[in-house]
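Asks: This is the structure, below, for whatever I ask next.
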Amino acid sequence: MKLVTYLHDGKEAVGVLSEDGAAVCPLPFPDMNALIEVPRERLLSAVDAAEKAGTALALSEVTLLAPIPRPRQDVICLGINYKAHAAEAEKYNAEAFKKERPIPIYFSKRVSEAVAPEGFIESHPGLVERLDYEAELAVIIGKTAKNVKAADAADYIFGYTVLNDVSARLLQTIHKQWYFGKGLDGFTPMGPCITTADKIAFPPALGISSRVNGEPRQDSTTDLLITSIADIIEELSSGMTLLPGTIIATGTPAGVGMGFDPPKFLKPGDVVECSIEGIGTLRNTVR
Ligand code: MG
């Protein structure tokens, strides 16, 4: 099922999308973080009851928010995690890079409030230069994960969403850490929904793409991750308890603005669309 957070009559609520995506059935949970913690049987019976209640709202009557508008913790991100980059490295120096399994780069993306679908990416004039986009598959953890083996990792995943890891390239590179350049307000668009894990075969092999003002930029598939989702969960949970609602952004494929010559950075007015098969399209405008 596809789960959303939305505003209706000024109130925030969670719901499940209809099969055709044209309507949303309200669910009786205070927010998405609370919903994620509900035992699966109870969630399924709540969904069943909501669908029978006849209280569905047309999607046009509501305003979608990010599925988890206020994450309980910062987003855990993977840097350089697509094989296209590994292939480039191997092409550059086969002896140095061939068959080597790189050690994952983990970093934290601060997010006080995630940007809604159709919401605004903030350009921070005067502070930010070289604003860039990164379409990513984000994994939502469903139950407390500690010392989880890769073979069991799928059992800990609640679902998946689309995340744009918006990046200020100059800030990202002049500071030794990426925290500031990737954690600014308005830098974490997320959505439009969470597709629950039962609807996506594991490991996910989904088309992932992005467009800027309609121009294709990124086009790949999520089975090309260098460090797999199972290995990420095993490694992180070996020393870090992952709580329900934890968001892990799994990295971006080739085709970001800094990858072009000359680079194609974002400017106010640009419309960025990030799409993942089976989840949907996250569309945001730079302001
Ligand atoms: Mg990224």
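The values are calculated or read from the model by the stated rules, or taken from the named source; none is laboratory data. As the structure is a prediction and not an experimental result, all values here were calculated from the model. Positions of Cβ are backbone-derived with ideal geometry, glycine not excepted, and every protein chain shown enters the neighbour counts. With ligands, DNA and RNA removed, areas are computed over all heavy atoms of the protein, side chains included. Shrake-Rupley method; radii C 1.70, N 1.55, O 1.52, S 1.80 Å.
Asks: Counting just the residues of the range 62-89 that are among the small types (Gly, Ala, Ser) and at pLDDT below 95, which one comes out farthest from residue 7 (Cα to Cα)?
Replies: Going through the qualifying residues, I end up with 89.
Asks: Open to solvent by 50 Å² or more (accessible area, probe 1.4 Å), of a type in the set (Gly, Ala, Ser) and in the same structural domain as residue 128 (by TED's automatic domain parsing): does that describe residue 201?
Replies: Spelling it out, residue 201 is indeed open to solvent by 50 Å² or more (accessible area, probe 1.4 Å), of a type in the set (Gly, Ala, Ser) and in the same structural domain as residue 128 (by TED's automatic domain parsing).
Asks: Can you find, within the range 264-283, the residue that is nearest to the chain's Cα centre (by Cα) among those that are more than 16 Å from the ligand (Cβ to nearest atom) and assigned to a loop (DSSP other than H, G, I, E, B)?
Replies: The selected residue is 279.
Asks: Output yes when any residue across the range 119-126 is at negative phi, open to solvent by less than 20 Å² (accessible area, probe 1.4 Å), away from the ligand (no atom under 16 Å from the Cβ) and in a strand (DSSP E or B), and no when none is. Can you show your working first?
Replies: Just the residues of the range 119-126 that are at negative phi, to begin with: 119-123, 125.
This time we only want the ones that are open to solvent by less than 20 Å² (accessible area, probe 1.4 Å), so: 119, 121, 123.
In the following step, the residues that additionally are away from the ligand (no atom under 16 Å from the Cβ) were identified as 119, 123.
Right, trim to in a strand (DSSP E or B) and you get none.
Within the range 119-126 (the criterion being at negative phi, open to solvent by less than 20 Å² (accessible area, probe 1.4 Å), away from the ligand (no atom under 16 Å from the Cβ) and in a strand (DSSP E or B)), the answer is no, since none of the residues qualifies.
Asks: Next up: List every residue pair whose Cβ atoms sit under 7 Å apart, with the two residues 6 or more apart in sequence or on different chains, where the first one lies in the range 52-63 and is not assigned by TED's automatic domain parsing to the domain that holds residue 28 and the second, anywhere, is of a type in the set (Asp, Glu) and modelled with pLDDT of 90 or more.
Replies: Note: no pairs meet the criteria.
Asks: From 140, 174, which residue is farther than 17 Å from residue 68 by Cα and either away from the ligand (no atom under 16 Å from the Cβ) or touching a Lys or Arg at 6+ places or on another chain (Cβ under 6 Å) (or both)?
Replies: None of the others qualify; the one that does is 174.
Asks: May I pose another question? Only one of 163, 170, 184 is closer than 19 Å to residue 287 by Cα and surrounded by fewer than 19 Cβ atoms within 10 Å (Cβ to Cβ). Can you tell me which?
Replies: The match here is 170.
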